[in-house]
C-alpha cells in the first residue's frame with residue numbers, strides 16, 4: 001500500500017512510499033528482487049522471466065501496417081526512389097537511419113531527407129516534397145512526423161506523390177489521406193506496442209517488409225538505433241520497448257556501429273559500462289545537439305558512416321556542439337527564471353520568452369522551469385518574421401497536449417505528446433495565448449497543494465545486514481531503467497552523518513554515513529545538494545539509490561533527497 005509521508009524535503013518534495021512496509025530482515029536476494037518486481041507489476045513466474053530475460057517478439061500487426069508494407073514492397077520490387085523524411089531530433093534521425101538502412105538492405109532505393117529546424121520547421125513541408133519529387137522520388141515515408149500533415153499530404157496527392165506516415169504522435173482530429181498511417185497511438189494498436197518511439201515504429205515496418213519480400217534482414221543490427229531513440233524520446237520502458245532497449249544496448253556494447261563507437265569515445269565513456277542512462281545523458285544529447293544548433297545531417301552522417309576517421313571527426317564535432325548547447329541552455333535558463341519570477345509568480349503555467357532565447361534549446365529550458373516550479377512550462381523565441389516558436393514541457397499527471405489543444409485556434413501549427421509539445425504563433429497573439437492557456441491550466445488541475453512527488457520503492461535501512469557485494473548485480477537485472485520502469489529508490493530513516501564535505505565547486509556533497517551502532521558504514525554522494533549539505537552528527541532521513549563506488553570500489557549511497565529526521569526535527 002502506498003503512503004505519502006508528511007512534510008517536505010530540503011528540495012521541497014513530498015516522498016511517496018510505493019510500499020509502506022520496511023523490507024523484512026534478514027536480507028534475502030530472492031525476496032528483495034520479487035518485491036521490486038511486484039512494484040513494477042511483475043508477479044507471476046512467467047512475467048518475471050519475460051521481464052528479466054527480454055527477447056524480440058514477432059512483428060505486431062499495427063494499424064495500417066499491411067497497406068504500408070504492400071506499397072513499400074512494390075516500390076522495392078520496381079526500384080522506385082523512396083525518400084525517407086525524418087525529424088531533426090534523436091528519434092527522427094535514428095528512425096530515418098533505420099528505414100534507409102533497412103530498405104536498402106532489402107534491395108530498395110532509399111534516400112534520407114531531414115529538414116532544417118530553422119529554415120523549414122517541424123514536419124513535412126510542401127517545398128521539400130516538391131524538391132524530393134523533382135529528384136525522382138515517387139514515394140515519401142515520413143518518420144516521427146506526419147500524423148497531422150493534412151495539407152502537405154493533400155499537396156503530394158495532387159501531384160501523384162505517394163506518402164506513408166510512420167509516426168507515434170497523437171493525432172489532432174481527422175487523419176491525412178496518406179497511403180497508410182502506421183502509428184501505435186491509433187485505435188486497434190496492441191497495448192504492448194502503444195508506447196513505441198517513432199524509430200521503434202519504423203523498426204516494426206522494416207521487419208514486416210522483410211517478411212513480405214521474403215528477404216533476409218539482420219534486424220538486430222538496427223536495434224542500437226532503436227535503443228537510442230526509445231531512451232532519448234522518454235517513452236515508457238515497458239512492453240516491447242524493454243526488449244528493444246535491452247537488445248539494442250547489447251549491440252552498442254559490441255561496438256558494432258562505427259559512429260556510435262566513436263561517439264562513446266568522444267563522450268569519455270570508453271571504459272565505462274554503457275547503460276540506458278548513458279544514452280539519455282551522454283550520447284543522446286550529442287545527437288540531439290546537431291539539430292538544435294545546426295543541421296541534423298551531421299548526426300545522421302555519424303550514425304550511418306562506415307569510415308572510422310570520418311566517424312571520429314563527426315563525433316568530435318557533435319561533442320563541441322553539445323558543449324555550446326550546454327552553455328546556451330544555462331544562460332537561457334538564468335534569463336527565463338528571472339522572467340518567470342517577474343511575470344508568472346504563483347501562476348499555474350510558466351510561459352516566458354524573448355528574442356534572445358535560442359529556438360533549438362527552448363524545450364530544454366522549458367523542462368528546467370517545469371522542474372523548478374512544478375508547473376507546466378512554455379518557453380518561446382520571438383523571431384524577426386513576426387512569429388514566435390514555443391516549446392512546452394509538463395510535469396507528471398498533467399497532459400500538455402490537452403492544454404495546447406485549448407489554444408488550437410490561435411496557432412499557425414502545433415503538436416506534441418502528453419508531456420511535451422510545440423507550436424508556432426503570430427507574435428501579436430502571445431498575450432491572448434498566455435491568458436487562454438493559463439486559464440485552461442487552472443481549470444484542468446488543482447494547484448492548491450501541488451508539490452513534486454519523489455516515489456520511493458520501500459524503506460531499506462542502511463545497516464550491516466545490507467550486503468556490500470552482489471546487490472549491484474541484482475539491481476542490474478532490472479535494467480534498462482527509465483520512464484515507467486524507474487531505477488529502485490529506497491528510504492533510510494534516522495541516519496547519522498559522520499562526515500559532510502562539499503566538492504570543490506560547492507555543488508555536491510561527499511558523505512560518510514553511520515551504519516549499525518553508529519560505526520562508519522557507507523560512503524555517500526549527494527549530487528546537486530551542496531546548498532543543503534547536512535551537518536556532521538545530524539540525524540537525517542535519506543531517499544537514496546545504491547550505485548557503484550568508482551573510487552573505493554563496492555557500493556555507495558547516492559542521495560537523491562534528504563530532510564532532518566522527523567524524530568529530531
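Quick notes on this structure:
- Debye log10 I(q)/I(0) at q = 0.06, 0.08 Å⁻¹ for the chain, Cα point scatterers: -0.32, -0.58
- Degrees between helix 29-39 axis and first principal axis of the chain (Cα, 0 to 90, nearest 10): 50 degrees
- Contour excess over end-to-end distance, with Cα ends at residue 187 and residue 545 and 0.36 nm allotted per residue: 125.0 nm
- Beta bridges from DSSP with both residues in the chain: antiparallel share about 60 percent, rounded to the nearest 5.
- Between residue 326 and residue 250, the modelled label-to-label distance comes to 3.3 nm, taking each label 7 Å out from Cα in the direction of the beta carbon.
- Separation of alpha-carbon centers, the stretch 174-196 and the stretch 83-103, rounded to whole Å: 18 Å
- In terms of overall dimensions, the C-alpha atoms belonging to the stretch 155-221 reach 36, 30, 18 Å along their principal axes, ordered largest to smallest.
- Ordered by the number of other Cβ atoms lying within 10 Å of each residue's own Cβ, fewest first, 10, 182 fall into the sequence 10, 182.
- Principal axis box of the stretch 23-153, alpha-carbon based, largest edge first, Å: 71, 36, 24
- Taking 10 °C and 1.306 mPa s as conditions, the stretch 300-379 diffuses translationally at an estimated 112 µm²/s according to Stokes-Einstein applied to its Kirkwood radius (Cα pairs).
- Counting neighbouring Cβ atoms within 10 Å and putting the fewest first, the residues 164, 114 line up as 114, 164.
- Whole-Å distance, taken between Cα centres, linking the stretch 134-166 and the stretch 202-266: 25 Å
- Sum of -39500 (n - 2.57) over DSSP H runs of 4+, divided by residues of the chain (222 nm, nearest 500): -11500 deg cm²/dmol
- Relative packing of 134-141, 230-237, 266-273, which averages over residues the other C-beta atoms within 10 Å, highest first: 230-237, 134-141, 266-273
- Label point at residue 215 placed 7 Å out along Cα→Cβ; residues across the stretch 68-103 whose backbone nitrogen lies under 13 Å: 72-82, 100-103
- For the peptides 30-42, 379-391, the ranking by mean Cβ contacts within 10 Å, running from highest to lowest, is 379-391, 30-42.
- Cβ-Cβ FRET estimate between residue 432 and residue 160, R0 fixed at 45 Å, reported to 0.05: 0.65
- Compactness of the stretch 344-444, expressed as Rg and Dmax over alpha-carbon positions, Å: 12.0, 36
- Annotation for residue 338 and residue 52: the two label points, set 7 Å from Cα along the Cα-Cβ direction, are 5.5 nm apart.
- Extension gain, residue 138-residue 79: 0.36 nm per intervening residue step, less the Cα-Cα distance, totals 20.2 nm.
- Label positions at residue 29 and residue 443, each projected 7 Å from the Cα along the C-beta direction, are separated by 5.7 nm.
- Once the mean of 1/r is taken over each pair of separate Cα atoms and inverted, the stretch 402-531 shows a Kirkwood hydrodynamic radius of 19.6 Å.
- Cα centroids of the stretch 419-471 and the stretch 7-56: 22 Å apart.
- A convex hull fitted to the Cα coordinates of the stretch 281-341 yields 74 cubic angstrom per residue.
- Solution diffusion estimate, µm²/s, Stokes-Einstein, the stretch 458-533, Kirkwood Rh from C-alpha pairs, 10 °C, viscosity 1.306 mPa s: 112 µm²/s
- A viscosity of 1.002 mPa s and a temperature of 20 °C, combined with the Kirkwood radius over C-alpha pairs in the Stokes-Einstein formula, give the stretch 65-219 a diffusion coefficient of 142 µm²/s.
- Structural descriptor for the chain: relative contact order 12 percent, calculated from alpha carbon pairs under 8 angstrom and at least 6 residues apart.
Laboratory data are not the source of any read-out in this text; all were calculated from the coordinates shown. Note that the structure is a prediction, hence the values are computed from the model and not measured. No Cβ is skipped: glycine too gets one built from the backbone with ideal geometry, and neighbour counts run over all protein chains shown.
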